[in-house]
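Trainee: This is the structure I have questions about; it appears just below.
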Amino acid sequence: MRLAGCLLHSETGGYASEEKLVKKVKRKSGIYRAFDILDCLHNYRRPMVINELAAAMDAPRSTIYQLTKTLLDRSVLDSYSDGRVYLGRKLFLYGISVPEQYSLIEISKPFIKELAEEVGERVELNGLVDWRQAVLNVADGKRDYFFPLNPGGSYPLPLTASGRFLVDGFDEETLRSHIPEEDYFRHGTRVITLERFMQESKEAKACGYSIVSNSLDTHLTALTAPIYDSNGAVLATIGFAFPTGELEANKDRFIEALKQTIDKVHKKFLIAD
């Protein structure tokens with residue numbers, strides 16, 4: 001059974017089947033179906049008719065119709081012409097409430113903006129969402145970002161520098177069951193194994209930062225460091241990407257600037273918490 005088999009826009013501008021990005025899990029509960037509807041619309045990035053949703057999710061049309069009606073009644077979905085539906089205005093209100101409670105997003109904003117201005121690169125606050133690296137907040141740098149990135153986009157954990165920290169604390173069995181095998185590949189070629197990924201996670205934790213080159217994309221290097229809570233659990237990461245050819249000339253400066261930013265966020269967040 002194919003779950004929420006939507007087409008996702010890839011980093012290279014093409015489209016890939018979502019079933020290659022998530023484990024095939026049999027879901028029958030209405031609440032799971034409702035979340036699948038939201039995920040599917042988010043992944044397609046456009047309004048869809050009920051038949052499209054049902055086909056993409058491999059779900060009964062009658063079930064999707066009933067759930068969609070409920071979501072429309074609660075403004076979780078909005079209706080468009082020709083019977084199409086899309087993510088609704090209430091989700092916008094929910095989104096506004098997130099930074100009010102999850103203070104790390106708000107606390108980090110001025111610091112990642114300051115870092116972006118210093119290094120001249122786009123800086124991200126990333127977190128673990130649905131076993132992928134999700135972009136929680138972004139500050140643009142001085143030059144145009146050369147790597148296509150969708151706002152609110154998410155990326156395979158094994159291919160990202162942030163992923164080395166976001167899996168901290170999980171054992172091999174958990175990672176094997178939650179991270180799809182396809183996430184260790186790029187364009188059909190294996191980039192890394194689970195065992196190597198776990199080893200690099202340990203090395204990154206010991207080092208305090210992670211540098212990953214030519215993994216998510218050719219000629220792209222990412223540098224990231226973790227934000228911990230008071231108990232030592234990884235809450236999120238701050239990092240940025242740049243052309244691999246610029247690594248050696250800027251490595252020490254970039255690492256020092258990132259470490260200073262992490263220290264500032266830690267001090268502010270732990271006080272606020």
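Trainee: Please verify whether T261 is among the β-branched types (V, I, T), surrounded by 13 or more Cβ atoms within 10 Å (Cβ to Cβ) and closer than 28 Å to R190 by Cβ, treating the condition exactly as stated.
Mentor: no
Trainee: Residues that are of a type in the set (G, A, S) and surrounded by 14 or more Cβ atoms within 10 Å (Cβ to Cβ): does the range 182-198 have at least one?
Mentor: No, that holds for no residue.
Trainee: I'd like the full set of residues that are farther than 15 Å from T261 by Cα and in a strand (DSSP E or B), limited to the range 107-136.
Mentor: G127, L128, V129, R132, Q133, A134, V135, L136
Trainee: Sticking with this one: Consider the range 40-57. How many of its residues are modelled with pLDDT under 90 and among the charged types (D, E, K, R)?
Mentor: The total comes to 1.
Trainee: Just to verify a result, which residue in the range 209-235, among those that are of a type in the set (V, I, T) and modelled with pLDDT of 90 or more, is farthest from E256 (Cα to Cα)? Walk me through how you get there before you give the answer.
Mentor: As a first pass, look at the range 209-235 and keep what is of a type in the set (V, I, T): 211-212, 218, 221, 224, 227, 234.
Of the ones still in play, those that are also modelled with pLDDT of 90 or more are 211-212, 221, 224, 227, 234.
Details: I211: 13, V212: 17, T221: 16, T224: 11, I227: 15, V234: 20 Å.
In this case the residue turns out to be V234.
Trainee: For the range 155-273, list the helices (runs of 4 or more DSSP H) that sit wholly inside it and hold at least 3 residues that are within 20 Å of E106 (Cα to Cα) and touching a Ser or Thr at 6+ places or on another chain (Cβ under 8 Å); which are they?
Mentor: Ranges flagged: 247-272.
The values are calculated or read from the model by the stated rules, or taken from the named source; none is laboratory data. The structure presented is a predicted model; accordingly, all values stated were derived computationally and were not measured. Heads up, the Cβs are rebuilt from the backbone with ideal geometry, glycines too, and the neighbour counts pull from every protein chain shown.
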